[in-house]
Amino acid sequence: MATSDDGGFHGPSIDEFFPDAIFFAGTPFEINRIILIRFIAMLAIVLIFWIGTRRMRMVPGRFQSVVEMGLDFTRVNIAEDLLGKKDGRRFLPLITTVFFVVLFANLTGIIPFMNISSNAIIGMPLVLAVVAWLAFMYAGIKKHPGAFFKNALFPPGVPKALYIIVTPIEFVSTFVLRPITLTLRLLMNMLVGHLLLVLFFSATQFFFFTATQTSIFYGLFGVGTLAFGFVFTLFEVLVAVLQAYVFALLTTVYIQLALADEH
Amino acid sequence: MLQSIVIAATEGESRNPLLPESYDIIWSAVCFVVILFFFWRLVLPRMKKMLDERSAAIEGNIEKADVAQREAEAALEQYTAQLAEARAEAAKIREQARVDAQRIGSEIQAQAQTDAERTKANAQVAIEAERQSALVSLRSEVGSLAIDLASGVVGESLSDDQKATALVDRFLADLEASDTAGKK
C-alpha cells in the first residue's frame, strides 16, 4: 500500500485514511474502502448475534455460549456492575452497542485484506462520543431535573469563592473534554496502530525485495521488521479489545456519575 | 506521532484526520443507529427471554425436586405405617389363632370325654338292663325248669307254691353264692 514501484522507500501517509470513493463520489453519502469495511464489520455483528440468538436454548451449544459470554460481559461486568440492576438494564442496549461496534470495527484492523479499522477515521469515534455525551446528560437530567447542571458545575461543599475557579474547570472537564478524550483515545489508538503495522510491513517489503538488490544482508533487517510487525499485530488484538472495553466502561462511568446523588 | 501526522497532513495537500468528512459522520451514525436498534429490539430481548426461561427452569426443577422429595418421604412414612399395622394385625391374628386352637382343642377333648362317658354310661345301663332281664327270665325259667326237673327226680309235685318258691329262691341263692365265689 505504501510502497511504490520507483524503488525508494515510502512510509505510510495520512492519505491511507482517505481512499478514493467507490460509490456516490462527491455526495454526503460517498462510500469508500473504509466505509465498506465499516459496513462489513456491522454486518458481522448482525450475522453473529442474529444467528447466535435465533434459537436460544436453555442448555447452550458452543456458538450460543460464545454469544452469551459476550453479551454477559457487557451486561454483568460493565452495566450491572457500575449502574446496578435497574439502571444497568435501562442503559444496557446503549452500552452493548458501544462495546460491540467499537470491538468489531477495531478488529478489522488486523484482518487480512481489510487491514484497517474503520475507527481510524474520526466519524465513528466522534458519533459514539457524542452518543455517550448525550446519554450521560440525559441520565443526569432525567434523574435530577433542574439540579443536574447545578450539581455538575457548582459542586456542593466547595466554598463559594472557589466557584470562580472550580466552575470553569468542571464545565470544561465534564462537558467539553469527555467527548473529546473519548474520540481521540479511540481514533489515535486505531490510527497509530494502523500506521505502525503499515510501517513494519512496508519496511519488510522494502528490505526483502528492493534493498536486497543492493546487499543481501538487508534481508536481515527485513526479518527484524517482520517480527516486529507480527508482535504488533498481536498487540493490536489486545488494543482492539481494550479500547472497546475502555470506551464502553467510560460511557457507563459517565452515566453512573450523572446518576449519582452527589457529585 | 500525532504531531508528525498532523505535520504530514498539513505539508502536502493531505487532509486533516481530525476533521470529519460528512459522509464519514453520516455512515457512522447510520451504522450506530442500526446496531443500536438491532441490540435493543432483537438481541437483548431474546437474551433476556432466554435468561428468564433458564432461571425459571432452574427454579422449576428445584421446585419439582422438592415436591418429589416430599412425596417420597410421605410414601415412605405411609409404607412404614402400613408395614407396622400389618405386623400388628398378623400378630393379632396369630394370637387369635393360638387361642382358638387351644379353645377348640379343649372343647374337642371335653366333648370326647363327655361322649365317652355317655357311651360308657349307656353301655352300662344297657348291660344292667340286659342283665336284669336275663336275671328275671332266668329266674322264672330256671325256677320252672328246676321244679320240673326236681318233680321228675323226686316224683313228687311241688304244687305248693309257697314251698316251691322258697325252694327255688334257696337254690338260686346258692347258685349266686357259688357264682360269686367262682368269679372271685
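Results, tabulated for the structure shown:
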quantity: Rounded to whole Hz, the Karplus (6.51, -1.76, 1.60) HN-Hα couplings of the stretch A:57-63, x for glycine and proline; calculated: 9, 5, 9, x, x, 4, 5
quantity: Within 10 Å of each Cβ in A:119-132, the average number of Cβ atoms from other chains; calculated: 5
quantity: Summed side-chain charge close to B:S144 - residues other than B:S144 whose Cβ falls under 14 Å, Lys, Arg +1, Asp, Glu -1; calculated: -3
quantity: Peptide A:11-22, shielding by other chains (average Cβ, 10 Å cutoff); calculated: 4
quantity: Euclidean distance of C-alpha centroids, the stretch B:92-149 and the stretch A:90-169, integer Å; calculated: 128
quantity: Estimated Rh, chain B: Kirkwood, alpha-carbon pairs, angstrom; calculated: 31.8
quantity: Spatially close lysines, pair count over the protein assembly as shown: Cα under 27 Å, gap of eight or more or interchain; calculated: 19
quantity: Signed unit charges on C-beta, dipole axis of the stretch A:14-259, positive-most listed residue A:T225, A:I164, A:I40; calculated: A:I164
quantity: Relative packing of B:29-38, B:58-67, which averages over residues the other C-beta atoms within 10 Å, highest first; calculated: B:29-38, B:58-67
quantity: Protection proxy ranking of B:115-125, A:22-32 - average other beta-carbon atoms within 10 Å, highest first; calculated: A:22-32, B:115-125
quantity: Per-residue mean of C-beta atoms belonging to partner chains within 10 Å, peptide A:26-37; calculated: 3
quantity: Peptide ranges B:78-88, B:162-172 listed from the most packed, as the mean C-beta count within 10 angstrom indicates; calculated: B:162-172, B:78-88
quantity: Chain A - Rg (one decimal) and Dmax (whole number), Cα, Å; calculated: 22.7, 74
quantity: Sites matching GluC sites (Glu not before Pro) across the stretch A:164-263 that sit in DSSP coil, with at most 13 neighbouring C-beta atoms within 10 Å; calculated: A:E262
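Computed from the coordinates by the stated procedures, all read-outs in this text should not be read as laboratory data. Every value quoted in this text rests on a predicted model; they were computed, and no experiment measured them. All Cβ positions, even for glycine, are placed from backbone atoms using ideal geometry, and neighbour counts span all protein chains on display.
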